[in-house]
């Protein structure tokens, strides 16, 4: 039976442990066991302590109660967890399904809406309200119910974030993955190109008759209310109000305008009839013409006609005096309506949006060739003279199919022609003028994606052949 050590014996054991860092052995009685170390030697009556073992550790001077250092792993960081969540493949699959539904419904919506209306509402928006008629494949009639749905820009932005997050947490920058990395880079470039195109691209038409000069661009996808005051023989003061401010029930009250405008009704497309108005305060063309709303030109219309907007406006002076109700319509063409306010005369017209260039194009000649025995166009050829005095440019240019004119950020395409009603022959050209800062990005994107796919499949084929060779 073992005996407990006394305090003196325990102190001796602890002292010995502090000397070499280890507790010495004890015998059955609790006394320190004898060791094999040699006793201290005596020389000339002096005690010499034995030399310390060469591998004995130095006494520690650090406190024994310091906590162990801890480091937060990257996988536990909140930002990393967020990236992992955003890179989830389930999100990718859901976004692809949503995009397929959006494209499908956008295509069906063109039965009742124009192409550019669908592009703006469905694909270049954050949210879209899809009619139930479209959701159920145009089988429902007389239903105004809609469902909210993410628009093209919202879905595309979510795909962009999902792709970047996936590369941050899942894809490794290795030679074996270089093809996939390049392919995804090409897709990102295409997404950026679409954002630039949707935000900054502009498109219009330029109509030039043979022998005439023009610098006027007309965008027949939208309209504007122009208020014109003649200053002199060469100069007019023009105030243009865009169509987005002419919504039914809207009020346009601007200090630059000579009068206040209340919009009674705006019609995207109209039918015009010759009929006397029953409104006693009707002025101008509205007294003998009646405008009725017509369905918007369908995006699947084979003739690709354009909408002809009209608007009923109630005008009043700054002091509240009524100037009557007026009908303005693009169907009136270039016919102006006059109104006098405070002794000044103004011309008012609802027209397609117009922009003037600071250089001119003169049409010398136009050729329109057909395939023999048919009415199928073979070639459109416009012989144009480019005149830009500010840049000392005066040179002939030929514009024809697949050979546009590129000048100062604009591209002039040969689009169509005008016809003389008496002879039936072409007497002018219609040029499509496009400004798109991101026009090159789709080409770059396709090139990057093509190279990436070639690298991906090429490397896969190489690894496959290499394994067969080893076997």
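The values are calculated or read from the model by the stated rules, or taken from the named source; none is laboratory data. Computed from a predicted model, the values in this text were never measured in an experiment. All Cβ positions, glycine included, derive from the backbone under ideal geometry; neighbour counts span all protein chains shown.
Summary table
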{"item": "Residue 156 in contact (Cβ under 8 Å) with a residue 12 or more places away in the chain and farther than 30 Å from residue 77 by Cβ", "result": "no"}
{"item": "Subset of the stretch 118-132 that is crowded, with 18+ Cβ neighbours inside 10 Å and in a strand (DSSP E or B) - its residue that is nearest to the chain's Cα centre (by Cα)", "result": "128"}
{"item": "Condition met for residue 406 (buried (at least 16 other Cβ atoms within 10 Å of the Cβ) and closer than 24 Å to residue 205 by Cβ)", "result": "no"}
{"item": "Subset of the stretch 74-100 (residues that are in a loop (DSSP other than H, G, I, E, B) and surrounded by 12 or more Cβ atoms within 10 Å (Cβ to Cβ))", "result": "87, 88"}
{"item": "Conditions (1) outside any strand (DSSP E or B); (2) touching a strand residue (DSSP E or B) at 6+ places or on another chain (Cβ under 9 Å); (3) closer than 30 Å to residue 442 by Cβ: number failed by residue 183", "result": "(2)"}
{"item": "Among (1) surrounded by 10 or more Cβ atoms within 10 Å (Cβ to Cβ); (2) farther than 25 Å from residue 175 by Cα, the one test that residue 450 misses", "result": "(2)"}
{"item": "Residues that are within 20 Å of residue 330 (Cα to Cα) and in a loop (DSSP other than H, G, I, E, B), drawn from the stretch 230-248", "result": "246, 247, 248"}
{"item": "Residue match in the stretch 299-313 (condition: in contact (Cβ under 8 Å) with a residue 24 or more places away in the chain, in contact with a strand residue (DSSP E or B) (Cβ under 6 Å, 6 or more places away or on another chain) and under 19 Å from residue 258 (Cβ atoms))", "result": "yes"}
{"item": "Number of positions in the stretch 133-160 that are in contact with a helix residue (DSSP H, G or I) (Cβ under 8 Å, 6 or more places away or on another chain), surrounded by 15 or more Cβ atoms within 10 Å (Cβ to Cβ) and not in a strand (DSSP E or B)", "result": "10"}
{"item": "Residue match in the stretch 334-345 (condition: surrounded by fewer than 18 Cβ atoms within 10 Å (Cβ to Cβ), in the same structural domain as residue 250 (by TED's automatic domain parsing), part of a loop (DSSP other than H, G, I, E, B) and in contact with a strand residue (DSSP E or B) (Cβ under 6 Å, 6 or more places away or on another chain))", "result": "yes"}
{"item": "Condition met for residue 111 (surrounded by fewer than 17 Cβ atoms within 10 Å (Cβ to Cβ), out of contact with any strand residue (DSSP E or B) (no Cβ under 8 Å at 6 or more places or on another chain) and touching a residue at least 24 places away in the same chain (Cβ under 8 Å))", "result": "yes"}
{"item": "Some residue of the stretch 405-424 being under 39 Å from the mean Cα position of the chain (by Cα) and part of a loop (DSSP other than H, G, I, E, B)", "result": "yes"}
{"item": "The stretch 196-220, residues that are in contact (Cβ under 8 Å) with a residue 60 or more places away in the chain and part of a helix (DSSP H, G or I)", "result": "196, 197, 198, 200"}
{"item": "Pick from the stretch 296-323, criterion touching a helix residue (DSSP H, G or I) at 6+ places or on another chain (Cβ under 8 Å) and not in a loop (DSSP other than H, G, I, E, B), ranking: surrounded by the most Cβ atoms within 10 Å (Cβ to Cβ)", "result": "310"}
{"item": "Per-region count, the stretch 382-398, residues part of a strand (DSSP E or B) and touching a residue at least 12 places away in the same chain (Cβ under 8 Å)", "result": "11"}
{"item": "Answer from 253, 262 - the residue that is more than 29 Å from residue 436 (Cβ to Cβ) and at pLDDT below 95", "result": "253"}
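Conditions tested, residue by residue: (1) touching a strand residue (DSSP E or B) at 6+ places or on another chain (Cβ under 8 Å); (2) farther than 30 Å from residue 354 by Cβ.
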| position | (1), (2) |
| --- | --- |
| 161 | no, yes |
| 170 | no, yes |
| 174 | no, yes |
| 177 | no, yes |
| 188 | no, yes |
| 194 | no, no |
| 201 | yes, no |
| 205 | yes, no |
